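Taken together, the values in this text are just the output of simple stated rules run on the coordinates, not laboratory data. Model, not experiment: these values are computed from the prediction. Neighbour counts run over all protein chains shown; Cβ positions are idealised from the backbone, glycine included.
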Amino acid sequence: MPSVVILCTGNSCRSILAEAIWRDETGGRWRCASAGTDPTGSPHPAALAVLEEDGISIDSLRSQSIEEMSGEKFDLAVTVCDAARQQCPLFSAATRTLHWPFPDPAQHLDGSAVDQHQLAVFRVARDSIRVRIQHHLRVLDLLERIELIIEQLPGDLQQQRRQAYHDLARRSVSALDEGTHWESLPKIIAEEMKPFGWDWNGIYLLRGQIPRRRLELGPADGPPVCSPIQEQEEGRSGLCFDAVQQGSILVAADVTRWPGYISCDGESGLSTVAGMARPILDASGEVVAVWDLDSNQPIHATDALVMDALIEGLSLAGPPERRR
């Protein structure tokens with residue numbers, strides 16, 4: 001059973017809400033706890049009230065100190081206030097620590113009895129925390145599915161490459177959790193796949209209208225390359241536009257034989273042997289961008305399977321940028 005502990009200062013509002021909601025969202029499949037660096041000693045009554053409104057049990061909730069967590073081990077710790085993060089930037093009892101700052105719903109309230117104003121403020125906090133937890137759980141599910149794909153890849157695959165796939169998936173999905181996945185993806189890919197000849201990769205954003213569309217370079221890692229790339233009214237427009245037009249991932253085992261291939265080697269200093277392009281779609285299924293790779297080594301048969309699954313998963317959170 002995976003485990004999480006949520007940390008804040010008083011352990012009466014945000015961390016209490018997060019503990020209860022996490023347990024509710026996972027249906028008891030997680031061991032959930034919370035603690036404070038300076039606990040108040042009891043959960044805020046408004047926090048308990050808005051939890052009960054959502055039908056969430058409050059029976060096991062209590063305000064406790066981080067010291068009471070000594071001897072316990074957790075897969076994940078989440079700090080939900082800046083003060084707790086400063087005191088516990090890395091929670092030693094957890095394998096991994098994340099920081100999700102939320103405004104304190106009790107900060108601007110007096111100590112009077114729970115009224116409708118207090119409940120309204122705490123409902124906002126409850127709903128914001130639930131959305132963040134749901135996003136994280138979807139991210140974890142995506143990582144599990146991609147890692148299953150990696151483990152089930154066919155053929156004789158060297159362990160070094162398989163491990164690179166795992167590291168690539170883990171880091172990319174972590175960036176998705178923080179909302180920086182598209183801007184971070186090219187750098188992550190470059191760092192994990194450089195040993196296999198992946199010299200350059202980047203994301204081109206699709207602009208304009210058929211038949212005069214263009215691809216403008218967005219996030220990328222590597223030397224300067226061609227941008228923009230223009231769609232040709234007649235003939236082939238290169239690997240990236242072929243992927244856009246077909247709506248599927250394409251691999252050029254020998255770029256010199258790909259019709260209309262656009263080479264940037266002369267300007268960039270690259271020595272491209274093989275290439276790969278994967279369109280990025282929005283929620284309606286429309287292509288809005290394309291991820292492109294230049295490699296100085298042959299592309300392995302499983303590379304396309306991994307990148308197809310990874311980009312498909314990242315796209316579920318939305319495309320890099322909508323087309324203008």
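Calculated [222 nm] ellipticity per residue, helices only, for the chain: -12000 deg cm²/dmol; basis is -39500 (n - 2.57) per DSSP H run with n ≥ 4, divided by all residues, nearest 500. Bridges between two residues of the chain, per DSSP, are antiparallel at a rate of about 60%. Given the choices (i) -0.69, -1.01; (ii) -0.70, -1.26; (iii) -0.67, -1.15, log10 I(q)/I(0) by the Debye sum over Cα atoms at q = 0.10, 0.14 Å⁻¹ derived from the coordinates of this structure is entry (i). Length gained on full extension, Ser128 to Gln230: 32.4 nm, using 0.36 nm per residue less the C-alpha separation. Each of Ala113, Ser70, Leu51 was scored by the projection of its Cα onto the charge dipole of the stretch 3-136, and the greatest displacement toward the positive side belongs to Ser70; charges sit on the C-beta of Lys, Arg, Asp and Glu. Here the stretch 1-61 and the stretch 245-324 have alpha carbon centers that stand 44 Å from each other. 3J(HN,Hα) couplings calculated from phi for the stretch 48-61 with the Karplus curve 6.51 cos²θ - 1.76 cosθ + 1.60 (θ = phi - 60°) are, in sequence order, 5, 5, 6, 5, 5, 4, 8, x, 9, 5, 10, 4, 8, 7 Hz; Gly and Pro show x. Given axes a ≥ b ≥ c from the Cα gyration tensor, I'd like to know whether the stretch 188-288 is rounded (a/c under 1.5), prolate (a/b larger than b/c) or oblate. Prolate shape, in that a/c is at least 1.5 and a/b is the bigger ratio. Cβ-Cβ distance of Arg257 and Asp282, R₀ of 30 Å, FRET efficiency by 1/(1 + (r/R0)^6): the value works out to about 0.40.
Summed over all non-identical Cα pairs, the Kirkwood treatment of the stretch 3-136 gives a radius of 14.5 Å.
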